[in-house]
1. When you go through Gly73, Gly8 one by one, which is the residue that is modelled with pLDDT of 95 or more and not in a strand (DSSP E or B)?
2. Test of understanding: among Arg46, Arg52, Arg63, which residue is modelled with pLDDT of 95 or more, in contact with an Asp or Glu (Cβ under 6 Å, 6 or more places away or on another chain), closer than 20 Å to Gly123 by Cα and surrounded by 11 or more Cβ atoms within 10 Å (Cβ to Cβ)?
3. Can we say Ser125 is among the hydroxyl-bearing types (Ser, Thr, Tyr) and either touching a residue at least 24 places away in the same chain (Cβ under 8 Å) or within 21 Å of Arg46 (Cα to Cα) (or both)?
4. Which residue pairs have Cβ atoms under 6 Å apart, sit 6 or more places apart or on different chains, and have a first residue in the stretch 70-93 that is under 26 Å from Ala58 (Cα atoms) and a second that is among the acidic types (Asp, Glu) and not in a strand (DSSP E or B)?
Amino acid sequence: MGMRGITGTLSLLTALLLHAPAQAQSPADAVGLELNRLQPQGEGCRVWLVLRNAASAALDPLRLDLLVFGKDGVISRRLALDVGPLPAEKTTARVFDLSGQDCGGIGSLLLNDLLACGPAPNGGSACLPRLALSSRVEGVPFEK
């Protein structure tokens, strides 16, 4: 490979590294929020979240601002959920019901904001990079 090929390869690698997502926190500080299950519940839908706190400190309080989108991409509901306290080095489940919401009509969930995350006044903005969201529900992403 000539000098021009090496330079092009290095430029490409540099661009990829500069645009790769940075790890804001170490895995030891990570907080996982998983949409685990949507369960029909009468005229509504029961939502199961699994929360994993790998950190050595509890998160108290932990309040989420969630948006529920329909299959058509239109926001169908906004929720403020208090899912804390989240103990240190612990996995826990939280369940909430969406009355009047068909589970099959849910297209996605969006963590719009953190209303509270720990005792500090700016806890929400400090915690947001630590969150790793995922979904086990096929066709229903959980994003931030």
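1. Details: Gly8 fails: modelled with pLDDT of 95 or more.
None of the other options fit; the residue is Gly73.
2. Numbers: Arg46 fails: closer than 20 Å to Gly123 by Cα; Arg52 fails: in contact with an Asp or Glu (Cβ under 6 Å, 6 or more places away or on another chain).
After ruling out the rest, the residue left standing is Arg63.
3. On the way: among the hydroxyl-bearing types (Ser, Thr, Tyr): yes; either touching a residue at least 24 places away in the same chain (Cβ under 8 Å) or within 21 Å of Arg46 (Cα to Cα) (or both): no.
Against the criterion (among the hydroxyl-bearing types (Ser, Thr, Tyr) and either touching a residue at least 24 places away in the same chain (Cβ under 8 Å) or within 21 Å of Arg46 (Cα to Cα) (or both)), Ser125 does not qualify.
4. Going by the 6 Å Cβ cut-off, the qualifying pairs are Gly84/Asp60; Pro85/Asp60.
The values are calculated or read from the model by the stated rules, or taken from the named source; none is laboratory data. None of these values were measured; they are calculated from a predicted model. In this analysis, Cβ positions are derived from the backbone assuming ideal geometry, glycine residues included, and neighbour counts consider all displayed protein chains.
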